[in-house]
1. What does the accessible area of Cys22 come to, in Å² to the nearest 10, when a probe of 1.4 Å is used?
2. What are the ³J(HN,Hα) couplings of the range 7-18, residue after residue, when phi is run through the Karplus curve with 6.51, -1.76, 1.60 and θ = phi - 60°? Round to Hz, x for glycine and proline.
Amino acid sequence: MAQVQPIVRCELDPTKPVPEICAVISALVPYHYGQEESILQGVKDAVEQRLKHLKGAESSGEPVHEPARK
């Protein structure tokens, strides 16, 4: 029997992070009909947690790790 699996493969331009991340979200949401709000809330929670971490790192003098540059 055939096994069908929806797979989304993405190639992202790291120089345009915001539109690329938004495009990935828009591409994935249709696979989860009726769950868009919970997906977006989960993304929002993850972003808020990361922002809190960055603020804590800035105020404590802890270095914020950045991606390696080529």
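The values are calculated or read from the model by the stated rules, or taken from the named source; none is laboratory data. Every value quoted in this text rests on a predicted model; they were computed, and no experiment measured them. Calculation scope for accessible area: heavy atoms of the full protein, side chains included, ligands and nucleic acids excluded. Shrake-Rupley method; radii C 1.70, N 1.55, O 1.52, S 1.80 Å.
1. 70
2. Residue by residue, the range 7-18 yields 10, 10, 10, 10, 10, 10, 8, x, 7, 10, x, 5 Hz.
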